[in-house]
Amino acid sequence: MFTGIVEATGEVVASGEGRLVVDSPLLAGSAIGASISVSGVCLTVVDNDGGRAAFDVVPETLDRTTLGGLRPGDRVNLERAMPAHGRFDGHIVQGHVDGVGVVVSLDREDERVTLTIEPPPRLMPHIAEKGSIAIDGVSLTVAGVGEATLSVALIPHTLEITTLGRLAVGDRANLETDVIAKYVERILEARR
């Protein structure tokens, strides 16, 4: 489990043939088998050479996330799994991406940015104003919900320490909706 509080960004060193390699000092102590959130996707460390960690990526993950589009030099958000005795700062993030959204606008006012994303329509029932959402692994509060969009407010700190400050209109981002909303919907479905 993760909290959506990004610890660092890393640089993609290699991508392809079912393997993703990311370099970051944060990864130096990650053991083989450790879970790492890579731009919101829970991946398992399969090799680590002093912070250059390799992850196996299956076709299902490549089809459902933005990881298949990563190229050497790209930056990714990184978070190590939360230990059972750890402090809970964000919200419950599983690293199970629900879908990929498209950036439709970035409204800048002073040092703040309002990011508006169009998620896949099937995710809209899970998105609530003032609810939680993870965008590329970053825990955020939904500032507004439109008919087919969601918006979040990004503070300068988030823009500086995550990859969200590099997003542009048309870019794609991994989305994970609130886990509680998913279970509530499933329970209601089962009762119908």
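No value in this document is a laboratory result; all are computed from the given coordinates. Remember, it's a predicted structure, so these values are computed and weren't measured experimentally. Positions of Cβ are generated from backbone atoms using ideal geometry, with glycine treated the same way; all protein chains shown enter the neighbour counts.
Here are some notes:
- Excluding exposed DSSP-loop GluC sites (Glu not before Pro) (at most 12 other C-beta within 10 Å), longest clean stretch of the chain: 18-110
- GNM remark for the chain: springs join alpha carbons under 10 Å apart, and the peak mean-square fluctuation among H96, H85, H126 falls on H85.
- Taken about its Cα centre, segment 53-101 carries a charge dipole of roughly 180 debye when the Cβ of each Lys and Arg holds +1 and the Cβ of each Asp and Glu holds -1.
- Selection from V13, A54, N77, by position along the positive dipole direction of segment 8-80 (Cβ): N77
- For segment 9-24, the residues whose backbone nitrogen is under 17 Å from a point 7 Å from the Cα of D47, taken along Cα to Cβ, are 12-24.
- 3J(HN,Hα) along segment 146-156, derived from phi through the Karplus expression 6.51 cos²θ - 1.76 cosθ + 1.60 where θ = phi - 60°, amounts to x, 4, 9, 9, 10, 10, 9, 9, 10, 7, x Hz, with x in place of Gly and Pro.
- Hz values of 3J(HN,Hα) by residue in segment 120-126 - Karplus curve (6.51, -1.76, 1.60), Gly and Pro given as x: x, x, 5, 8, 4, x, 8
- The chain, Rg to Rh (Cα coordinates; Rh as Kirkwood inverse mean 1/r): 0.96
- Cα coordinate range in segment 8-80, projected on the principal axes (Å, largest first): 29, 23, 20
- Under the Karplus curve 6.51 cos²θ - 1.76 cosθ + 1.60, θ = phi - 60°, whole-Hz ³J(HN,Hα) for segment 185-190, x wherever Gly or Pro sits: 4, 5, 5, 5, 4, 5
- Estimated dipole of the chain in Debye, rounded to 20 [Cβ of Lys and Arg +1, of Asp and Glu -1, Cα centre]: 400 debye
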